[in-house]
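A.B. asks: Got a structure for you, written out below as structure tokens; questions coming shortly.
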Amino acid sequence: MVDGRHTTPTEWSVDDIRAVCARGTGVGADGLVFVGPGAEPDVVRMIYFNSDGSRAAMCGNAALCSTCLAVRLGLANPQHMTLETDAATYESRCTPDGERAELHLAPVHTPLPVPGLAIAPGERQLALGTVGVPHLVVVVDDVELVDVVNRGRLLRSDPALGPAGANVNFISPAARASEWRMRTYERGVEDETLACGRRRSRGLRACRLGPGQAPITFWSRKRQAARDPRAKDRSGLYDDVWLGGEARLVVRGVIN
């Protein structure tokens with residue numbers, strides 16, 4: 001997370017972004033985020049880059065972290081701010097403890113099947129949708145048995161998904177009807193990532209095609225994330241969905 005008041009993306013090359021995100025020799029991250037003031041009070045601008053240096057339109061986790069960081073930097077009201085991204089403009093807010101944030105997602109449609117995309121053994125369903133950027137949701141028997149890196153890489157660049165490909169998230173039912181487990185493969189990172197907010201949003205849409213019931217809780221590899229129970233379907237459109245998750249300051253410093 002970079003304080004956008006002191007530096008802008010134009011001052012960073014692709015090599016700079018890759019170097020900072022590199023694990024072992026850099027800070028280590030799945031992406032680099034610039035957070036700065038928008039054009040009006042309580043408006044915050046977020047610009048996101050993947051760890052390979054490519055610019056992405058949106059990242060759910062980055063949006064949650066940007067919301068809390070903006071409050072720490074004094075850029076916006078913690079209970080109501082407008083977050084501008086390359087994908088859309090969102091309403092966001094922090095919880096009173098300052099360690100969680102919530103993002104009001106734009107209305108989204110239920111994911112649709114992808115013609116020409118073959119289902120592998122252990123997979124029940126494939127569906128493609130967009131929450132800022134395209135996501136392929138793969139409903140499987142058991143996410144722990146999935147070769148996420150190899151299968152995710154293969155699906156991510158399948159021609160049926162278009163030239164830019166898509167992020168891939170694998171989900172499977174947990175013990176309770178309202179709980180699902182999730183593992184993700186992220187384009188730009190080109191590897192498994194431990195959590196992704198937009199995938200949880202897209203996963204909810206896919207769960208509505210099956211026996212799941214709201215509110216739905218997704219268990220990622222490293223953290224729990226719950227969906228807002230007010231999500232509803234109107235003419236095939238979910239128009240009141242909030243993404244919530246942890247956004248905790250771990251360390252801060254200066255890069256030069």
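The values are calculated or read from the model by the stated rules, or taken from the named source; none is laboratory data. Computed from a predicted structure; not experimentally measured. Using ideal geometry, Cβ is built from the backbone for each residue, glycine included, and neighbour counts are taken over all protein chains shown. What goes into the accessible areas is simple: the full protein's heavy atoms, side chains included, and nothing from ligands, DNA or RNA. Shrake-Rupley method; radii C 1.70, N 1.55, O 1.52, S 1.80 Å.
A.B. asks: Grab every C-alpha pair in segment 108-172, bin the distances at 5 angstrom width from 0 up to the longest one, and report whole percents.
C.D. replies: Result returned by the calculation: 4, 19, 32, 27, 14, 4.
A.B. asks: Also, I was wondering about something else. According to a simple spin-label model (label point 7 Å from Cα along Cα-to-Cβ), what is the distance in nm between A88 and E11?
C.D. replies: Each label point lies 7 Å from its Cα, and together they span 3.2 nm.
A.B. asks: Hey, another quick one. Once you put a point 7 Å from the Cα of A39 and another 7 Å from the Cα of Q79, both along the Cβ direction, what distance in nm separates them?
C.D. replies: Those two pseudo-labels are separated by 2.8 nm.
A.B. asks: Please report the base-10 log of the normalised intensity I(q)/I(0) for segment 30-107, using a Debye sum with one equal scatterer per alpha carbon and no solvent, at each q in 0.19, 0.23, 0.26, 0.27 (1/Å).
C.D. replies: Summing over Cα pairs of segment 30-107 leads to -0.70, -1.00, -1.24, -1.31.
A.B. asks: Run the numbers for V27 and A164: contour at 0.36 nm per residue of separation, minus the present Cα-Cα distance, in nm.
C.D. replies: Between V27 and A164, full extension yields 46.6 nm more.
A.B. asks: Once neighbouring chains are kept in place and the probe is 1.4 Å, which whole percent of the accessible area of segment 18-102 is contributed by carbon and sulfur? List each step's numbers first, then the result.
C.D. replies: Working: 1790 of 3680 Å².
For segment 18-102, the apolar C and S fraction of the accessible surface comes to 49 percent.
A.B. asks: Applying 1/(1 + (r/R0)^6) with R0 = 30 Å to the Cβ-Cβ distance of A175 and E99, what FRET efficiency is obtained, to the nearest 0.05?
C.D. replies: Values: r = 28 Å, r/R0 = 0.92.
About 0.60, to the nearest 0.05.
A.B. asks: Just the accessible area per residue of segment 1-80, please: how many Å² with a 1.4 Å probe?
C.D. replies: On the way: 3820 Å² over 80 residues.
I get 48 Å² per residue for segment 1-80.
A.B. asks: If you don't mind, there's one more thing I want to ask. Give, in whole angstrom and from largest to smallest, the semi-axes √(5λ) of the equivalent ellipsoid of segment 1-42, with λ running over the eigenvalues of the Cα gyration tensor.
C.D. replies: 24, 11, 7
A.B. asks: On to the next question. Report the equivalent ellipsoid semi-axes for segment 27-185 in whole Å, largest first, defined as the square roots of five times the eigenvalues of the gyration tensor built from alpha carbon atoms.
C.D. replies: Working: eigenvalues 202, 62, 41 Å².
They are 32, 18, 14 Å, listed from largest to smallest.
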